[in-house]
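To start, the structure under review is shown below, and the notes come after it.
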Amino acid sequence: MLYREFATQEEIDREYDPSKGRDPLAMPKLLEGWRERSEASRARYRATEDLAYGPTLAECMDIYHADGDVSADSRPPVHLFFHGGYWRSLSHKDFGFVVDGLVEAGITVAVVNYALCPSVPFGELVRQSRAAVAWMHRYGESLGVDPHQLSVSGHSAGGHLCAMLLVTDWEEDYGLPNDLIRSALAISGLFDLRPFPWSWLQPKLQLTGRDVADYSPLFQPCRVPARVSLVAGGKESSEFERQMLAHGEHLRGQGIEANTNTLDTDDHFSILDHYRPGGRFVEWIRGCHP
(Lines give C-alpha, C1' and ligand atoms only; values in the text may rest on other atoms or scores of the structure.)
Protein backbone atom coordinates (compact mmCIF):
# COMPACT_ATOMS: atom_id res chain seq x y z
CA MET A 1 0.00 0.00 0.00
CA LEU A 2 1.15 3.53 -0.75
CA TYR A 3 -0.95 5.21 1.93
CA ARG A 4 -3.50 3.64 4.26
CA GLU A 5 -5.66 1.37 2.04
CA PHE A 6 -4.66 3.07 -1.22
CA ALA A 7 -2.45 0.94 -3.45
CA THR A 8 -2.18 3.17 -6.54
CA GLN A 9 -1.63 6.79 -7.45
CA GLU A 10 -5.00 6.77 -9.21
CA GLU A 11 -6.77 5.93 -5.95
CA ILE A 12 -4.96 8.68 -4.06
CA ASP A 13 -5.59 11.22 -6.82
CA ARG A 14 -9.29 10.38 -6.80
CA GLU A 15 -9.62 10.71 -3.02
CA TYR A 16 -7.76 14.02 -2.95
CA ASP A 17 -9.50 15.56 -5.96
CA PRO A 18 -10.98 18.86 -4.73
CA SER A 19 -13.26 19.15 -7.75
CA LYS A 20 -15.25 16.03 -6.90
CA GLY A 21 -18.84 16.54 -8.04
CA ARG A 22 -17.93 19.52 -10.23
CA ASP A 23 -17.66 19.71 -13.99
CA PRO A 24 -13.93 20.27 -14.60
CA LEU A 25 -14.79 22.41 -17.61
CA ALA A 26 -16.72 24.77 -15.33
CA MET A 27 -13.82 25.38 -12.93
CA PRO A 28 -12.28 28.32 -14.88
CA LYS A 29 -15.63 30.11 -14.74
CA LEU A 30 -15.89 29.51 -10.98
CA LEU A 31 -12.42 30.94 -10.40
CA GLU A 32 -13.18 33.91 -12.64
CA GLY A 33 -16.27 34.56 -10.53
CA TRP A 34 -14.10 34.58 -7.40
CA ARG A 35 -11.76 37.10 -9.03
CA GLU A 36 -14.65 39.36 -10.02
CA ARG A 37 -16.10 39.21 -6.51
CA SER A 38 -12.66 39.96 -5.08
CA GLU A 39 -12.24 43.01 -7.29
CA ALA A 40 -15.62 44.21 -6.09
CA SER A 41 -14.55 43.76 -2.45
CA ARG A 42 -11.38 45.77 -3.03
CA ALA A 43 -13.52 48.55 -4.50
CA ARG A 44 -16.17 48.34 -1.78
CA TYR A 45 -13.95 48.62 1.28
CA ARG A 46 -10.95 50.70 2.25
CA ALA A 47 -8.09 48.47 1.18
CA THR A 48 -4.32 48.63 1.54
CA GLU A 49 -3.01 46.44 -1.25
CA ASP A 50 0.16 44.36 -1.38
CA LEU A 51 1.50 45.41 2.01
CA ALA A 52 4.90 43.76 2.45
CA TYR A 53 5.43 41.53 5.48
CA GLY A 54 8.76 40.09 4.31
CA PRO A 55 11.64 40.74 1.92
CA THR A 56 10.44 38.84 -1.17
CA LEU A 57 7.80 39.98 -3.64
CA ALA A 58 5.52 37.07 -2.73
CA GLU A 59 5.45 38.11 0.94
CA CYS A 60 2.59 40.58 0.85
CA MET A 61 -1.03 40.88 1.91
CA ASP A 62 -4.10 42.93 1.12
CA ILE A 63 -5.63 44.63 4.15
CA TYR A 64 -9.38 45.29 4.18
CA HIS A 65 -10.04 47.83 6.92
CA ALA A 66 -13.05 47.77 9.19
CA ASP A 67 -14.39 51.29 9.62
CA GLY A 68 -15.10 52.81 12.99
CA ASP A 69 -13.29 54.13 16.04
CA VAL A 70 -9.62 53.16 16.00
CA SER A 71 -8.62 54.82 19.27
CA ALA A 72 -6.10 52.93 21.38
CA ASP A 73 -8.77 51.29 23.55
CA SER A 74 -11.19 50.30 20.78
CA ARG A 75 -9.19 49.18 17.76
CA PRO A 76 -10.89 46.46 15.73
CA PRO A 77 -9.64 42.87 15.85
CA VAL A 78 -7.65 41.53 12.91
CA HIS A 79 -8.12 38.30 10.99
CA LEU A 80 -5.60 36.69 8.62
CA PHE A 81 -6.92 34.50 5.80
CA PHE A 82 -4.64 32.00 4.00
CA HIS A 83 -5.80 30.91 0.55
CA GLY A 84 -5.91 27.46 -1.00
CA GLY A 85 -4.60 26.12 -4.29
CA TYR A 86 -2.84 22.93 -3.15
CA TRP A 87 0.29 24.94 -2.31
CA ARG A 88 1.03 25.47 -6.01
CA SER A 89 -1.54 27.87 -7.48
CA LEU A 90 -3.73 30.97 -6.93
CA SER A 91 -2.96 34.10 -4.93
CA HIS A 92 -4.37 36.56 -2.43
CA LYS A 93 -5.99 38.49 -5.28
CA ASP A 94 -8.34 35.55 -5.96
CA PHE A 95 -9.79 35.47 -2.44
CA GLY A 96 -10.67 39.02 -1.49
CA PHE A 97 -14.34 38.04 -1.59
CA VAL A 98 -14.03 36.20 1.74
CA VAL A 99 -13.69 39.50 3.64
CA ASP A 100 -17.17 40.92 3.10
CA GLY A 101 -18.93 39.45 6.11
CA LEU A 102 -15.99 39.97 8.44
CA VAL A 103 -15.38 43.62 7.53
CA GLU A 104 -19.09 44.35 7.93
CA ALA A 105 -18.88 42.68 11.34
CA GLY A 106 -16.16 45.16 12.38
CA ILE A 107 -13.11 42.93 11.83
CA THR A 108 -10.15 44.06 9.72
CA VAL A 109 -9.00 41.28 7.40
CA ALA A 110 -5.59 40.55 5.88
CA VAL A 111 -5.67 38.20 2.89
CA VAL A 112 -2.18 36.75 2.85
CA ASN A 113 -0.10 35.89 -0.20
CA TYR A 114 2.79 33.43 -0.17
CA ALA A 115 5.21 31.92 -2.67
CA LEU A 116 4.16 28.73 -4.45
CA CYS A 117 5.77 25.37 -5.11
CA PRO A 118 7.88 24.49 -7.01
CA SER A 119 9.40 27.98 -7.21
CA VAL A 120 10.27 27.60 -3.52
CA PRO A 121 10.67 24.54 -1.27
CA PHE A 122 7.56 23.44 0.60
CA GLY A 123 8.90 24.61 3.94
CA GLU A 124 9.23 28.16 2.64
CA LEU A 125 5.44 28.42 2.42
CA VAL A 126 5.23 27.59 6.11
CA ARG A 127 7.95 30.08 6.98
CA GLN A 128 6.22 32.85 5.07
CA SER A 129 2.88 32.15 6.72
CA ARG A 130 4.51 32.39 10.12
CA ALA A 131 6.23 35.61 9.07
CA ALA A 132 2.86 37.16 8.17
CA VAL A 133 1.47 36.44 11.62
CA ALA A 134 4.63 37.71 13.33
CA TRP A 135 4.50 40.92 11.29
CA MET A 136 0.87 41.54 12.18
CA HIS A 137 1.48 40.93 15.88
CA ARG A 138 4.43 43.31 15.92
CA TYR A 139 3.17 46.06 13.62
CA GLY A 140 -0.61 45.73 13.52
CA GLU A 141 -1.10 48.85 15.58
CA SER A 142 0.25 50.86 12.64
CA LEU A 143 -2.80 49.65 10.68
CA GLY A 144 -5.19 50.71 13.42
CA VAL A 145 -5.98 47.17 14.61
CA ASP A 146 -5.59 45.41 17.93
CA PRO A 147 -2.83 42.80 17.37
CA HIS A 148 -3.80 41.13 20.64
CA GLN A 149 -7.14 40.25 19.02
CA LEU A 150 -5.69 38.18 16.17
CA SER A 151 -7.38 35.19 14.56
CA VAL A 152 -6.63 33.12 11.46
CA SER A 153 -8.45 30.97 8.94
CA GLY A 154 -7.56 29.14 5.77
CA HIS A 155 -9.04 27.00 3.04
CA SER A 156 -7.55 23.72 1.75
CA ALA A 157 -3.78 24.32 1.61
CA GLY A 158 -4.49 27.43 3.68
CA GLY A 159 -6.15 25.23 6.30
CA HIS A 160 -2.92 23.24 6.49
CA LEU A 161 -0.93 26.46 6.93
CA CYS A 162 -3.23 27.58 9.76
CA ALA A 163 -2.61 24.26 11.51
CA MET A 164 1.13 24.78 11.09
CA LEU A 165 0.80 28.18 12.78
CA LEU A 166 -0.55 26.39 15.84
CA VAL A 167 2.45 24.06 16.11
CA THR A 168 4.89 26.99 15.97
CA ASP A 169 6.98 27.71 19.06
CA TRP A 170 6.46 31.45 18.88
CA GLU A 171 8.36 32.17 22.08
CA GLU A 172 11.46 30.18 21.11
CA ASP A 173 11.58 31.06 17.42
CA TYR A 174 10.14 34.59 17.27
CA GLY A 175 10.27 35.99 20.80
CA LEU A 176 6.49 36.33 20.73
CA PRO A 177 3.88 34.93 23.13
CA ASN A 178 2.62 31.45 22.27
CA ASP A 179 -0.95 32.64 22.79
CA LEU A 180 -0.72 35.33 20.08
CA ILE A 181 -3.44 33.58 17.98
CA ARG A 182 -6.87 33.77 19.60
CA SER A 183 -8.66 31.34 17.27
CA ALA A 184 -8.08 29.30 14.11
CA LEU A 185 -10.57 28.05 11.52
CA ALA A 186 -9.25 25.39 9.10
CA ILE A 187 -11.61 24.67 6.19
CA SER A 188 -11.09 21.48 4.16
CA GLY A 189 -7.55 21.37 5.49
CA LEU A 190 -4.86 18.75 4.90
CA PHE A 191 -3.12 17.74 8.10
CA ASP A 192 -1.32 14.53 7.07
CA LEU A 193 0.98 15.02 4.07
CA ARG A 194 1.87 11.35 3.62
CA PRO A 195 -0.38 10.74 0.57
CA PHE A 196 0.94 13.63 -1.50
CA PRO A 197 4.38 12.28 -2.50
CA TRP A 198 2.40 9.50 -4.23
CA SER A 199 -0.01 11.89 -5.96
CA TRP A 200 -0.17 13.97 -9.14
CA LEU A 201 0.97 16.94 -7.03
CA GLN A 202 4.45 15.59 -6.30
CA PRO A 203 6.18 17.08 -9.38
CA LYS A 204 5.03 20.49 -8.14
CA LEU A 205 5.45 19.98 -4.39
CA GLN A 206 8.64 17.91 -4.45
CA LEU A 207 8.02 16.74 -0.90
CA THR A 208 10.82 14.91 0.88
CA GLY A 209 10.39 12.45 3.72
CA ARG A 210 11.66 15.14 6.08
CA ASP A 211 9.04 17.58 4.74
CA VAL A 212 6.25 15.10 5.41
CA ALA A 213 7.44 14.60 8.99
CA ASP A 214 8.11 18.25 9.77
CA TYR A 215 5.11 19.82 8.06
CA SER A 216 2.28 17.39 8.86
CA PRO A 217 0.40 19.08 11.74
CA LEU A 218 -1.09 15.70 12.65
CA PHE A 219 2.34 14.59 13.87
CA GLN A 220 3.33 17.79 15.67
CA PRO A 221 2.50 19.05 19.18
CA CYS A 222 0.17 22.02 19.31
CA ARG A 223 1.85 24.92 21.11
CA VAL A 224 -0.83 27.61 20.72
CA PRO A 225 -3.79 27.41 23.12
CA ALA A 226 -6.28 28.79 20.60
CA ARG A 227 -9.90 27.88 20.01
CA VAL A 228 -9.95 25.73 16.88
CA SER A 229 -12.71 24.88 14.43
CA LEU A 230 -12.14 22.26 11.73
CA VAL A 231 -14.66 22.07 8.89
CA ALA A 232 -15.09 19.90 5.80
CA GLY A 233 -17.80 19.62 3.15
CA GLY A 234 -20.05 16.61 3.03
CA LYS A 235 -19.78 16.55 -0.76
CA GLU A 236 -15.99 16.40 -0.70
CA SER A 237 -14.22 13.06 -0.89
CA SER A 238 -14.20 11.13 2.37
CA GLU A 239 -10.47 11.80 2.89
CA PHE A 240 -11.09 15.49 3.62
CA GLU A 241 -13.52 14.57 6.39
CA ARG A 242 -11.30 11.77 7.70
CA GLN A 243 -8.28 14.08 7.93
CA MET A 244 -10.41 16.68 9.69
CA LEU A 245 -11.68 14.19 12.27
CA ALA A 246 -8.20 12.76 12.88
CA HIS A 247 -6.73 16.20 13.47
CA GLY A 248 -9.56 17.18 15.79
CA GLU A 249 -8.87 14.09 17.89
CA HIS A 250 -5.14 14.90 17.84
CA LEU A 251 -5.79 18.42 19.16
CA ARG A 252 -8.32 17.43 21.81
CA GLY A 253 -5.88 14.80 23.06
CA GLN A 254 -3.57 17.70 23.95
CA GLY A 255 -6.27 19.66 25.75
CA ILE A 256 -7.00 22.04 22.86
CA GLU A 257 -10.58 23.25 22.44
CA ALA A 258 -11.23 21.90 18.94
CA ASN A 259 -14.57 21.20 17.29
CA THR A 260 -15.14 19.38 14.00
CA ASN A 261 -18.05 19.91 11.63
CA THR A 262 -19.07 18.35 8.33
CA LEU A 263 -21.29 20.67 6.28
CA ASP A 264 -23.38 18.15 4.40
CA THR A 265 -24.53 20.31 1.50
CA ASP A 266 -21.12 21.83 0.65
CA ASP A 267 -18.32 20.78 -1.67
CA HIS A 268 -14.72 22.01 -1.67
CA PHE A 269 -15.68 25.32 -3.28
CA SER A 270 -19.21 26.16 -2.16
CA ILE A 271 -18.01 25.89 1.44
CA LEU A 272 -16.42 29.35 1.12
CA ASP A 273 -19.89 30.90 0.79
CA HIS A 274 -20.06 30.71 4.58
CA TYR A 275 -17.87 33.82 4.62
CA ARG A 276 -20.77 35.85 3.26
CA PRO A 277 -22.34 38.41 5.63
CA GLY A 278 -24.12 36.52 8.39
CA GLY A 279 -22.48 33.22 7.35
CA ARG A 280 -21.48 30.58 9.87
CA PHE A 281 -17.74 31.26 9.47
CA VAL A 282 -18.28 34.96 10.06
CA GLU A 283 -20.35 34.28 13.16
CA TRP A 284 -17.80 31.81 14.55
CA ILE A 285 -14.88 34.18 14.01
CA ARG A 286 -16.80 37.12 15.46
CA GLY A 287 -17.69 35.02 18.50
CA CYS A 288 -13.99 34.57 19.19
CA HIS A 289 -13.55 38.35 19.50
CA PRO A 290 -15.88 39.39 22.32
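Mind listing whichever residues of the stretch 149-174 are assigned to a helix (DSSP H, G or I) and acidic (Asp, Glu)? Talk me through it step by step, then tell me what you get.
First, the residues of the stretch 149-174 that are assigned to a helix (DSSP H, G or I): 157-166, 170-174.
Passing the criteria: Glu171, Glu172, Asp173.
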When every residue in the stretch 118-161 that is of a type in the set (Ser, Thr, Tyr) and in contact with a strand residue (DSSP E or B) (Cβ under 9 Å, 6 or more places away or on another chain) is compared, the one nearest to Thr56 (Cα to Cα) is Ser129
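Return a yes/no flag: does the stretch 123-139 have any residue that is of a type outside the set (Phe, Trp, Tyr), part of a loop (DSSP other than H, G, I, E, B) and over 29 Å from Glu241 (Cα atoms).
Here is the first cut: in the stretch 123-139, the residues of a type outside the set (Phe, Trp, Tyr) are 123-134, 136-138.
Next, only the ones that are part of a loop (DSSP other than H, G, I, E, B) stay: none.
Looking through the stretch 123-139, none of the residues is of a type outside the set (Phe, Trp, Tyr), part of a loop (DSSP other than H, G, I, E, B) and over 29 Å from Glu241 (Cα atoms).
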Of (1) part of a loop (DSSP other than H, G, I, E, B); (2) closer than 30 Å to Arg138 by Cα, Val98 satisfies every one except (1)
Per the list (1) over 18 Å from the mean Cα position of the chain (by Cα); (2) in contact (Cβ under 8 Å) with a residue 40 or more places away in the chain, residue check on Val212 breaks on (2)
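The rows are residues; the columns are (1) free of Cβ contacts under 8 Å to residues at least 60 places away in the same chain; (2) within 15 Å of the chain's Cα centre (by Cα).
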residue	(1), (2)
Gly84	no, yes
Trp87	no, yes
Gly96	yes, yes
Asp100	no, no
Val109	yes, yes
Tyr114	yes, yes
Pro121	no, no
Glu124	yes, no
Ser129	yes, yes
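State all residues of the stretch 16-54 that are farther than 30 Å from Tyr3 by Cα and either assigned to a loop (DSSP other than H, G, I, E, B) or aromatic (Phe, Trp, Tyr) (or both); if no residue qualifies, say none.
Trp34, Tyr45, Arg46, Tyr53, Gly54
From Ala115, Ala66, grab the single residue that is under 24 Å from Glu39 (Cβ atoms), out of contact with any strand residue (DSSP E or B) (no Cβ under 6 Å at 6 or more places or on another chain) and assigned to a loop (DSSP other than H, G, I, E, B). Quick ask: steps written out before the conclusion?
Numbers: Ala66 fails: out of contact with any strand residue (DSSP E or B) (no Cβ under 6 Å at 6 or more places or on another chain).
Matching residue, one of Ala115, Ala66: Ala115.
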Being of a type outside the set (A, V, I, L, M) and under 19 Å from Gly106 (Cβ atoms) narrows Tyr45, Tyr53 down to just Tyr45
Scanning the stretch 242-290 for residues that are among the polar types (S, T, N, Q) and touching a helix residue (DSSP H, G or I) at 6+ places or on another chain (Cβ under 9 Å), the one surrounded by the most Cβ atoms within 10 Å (Cβ to Cβ) turns out to be Gln243
**Asked** Does Gly96 qualify as being surrounded by fewer than 23 Cβ atoms within 10 Å (Cβ to Cβ) and either modelled with pLDDT of 95 or more or under 17 Å from Leu193 (Cβ atoms) (or both)?
**Response** no
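Would you check which residues across the stretch 195-234 are among the aliphatic types (A, V, I, L, M) and out of contact with any strand residue (DSSP E or B) (no Cβ under 6 Å at 6 or more places or on another chain) and list them?
Of everything in the stretch 195-234, those that are among the aliphatic types (A, V, I, L, M) and out of contact with any strand residue (DSSP E or B) (no Cβ under 6 Å at 6 or more places or on another chain) turn out to be Leu201, Leu205, Leu207, Val212, Ala213, Leu218, Val224.
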Flag for Glu141 being free of Cβ contacts under 8 Å to residues at least 12 places away in the same chain, among the acidic types (Asp, Glu) and surrounded by fewer than 23 Cβ atoms within 10 Å (Cβ to Cβ): no
Notebook entry, point to check: Hey, does the stretch 7-22 have a residue that's surrounded by fewer than 17 Cβ atoms within 10 Å (Cβ to Cβ), without any contact (Cβ under 8 Å) to a residue 24 or more places away in the chain and among the β-branched types (Val, Ile, Thr)?
Noted result: yes
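The values are calculated or read from the model by the stated rules, or taken from the named source; none is laboratory data. Quick caveat, the model's predicted, so the values are computed rather than measured. Here the Cβ is made from the backbone with ideal geometry for all residues, glycine too, and neighbour counts use every protein chain on show.
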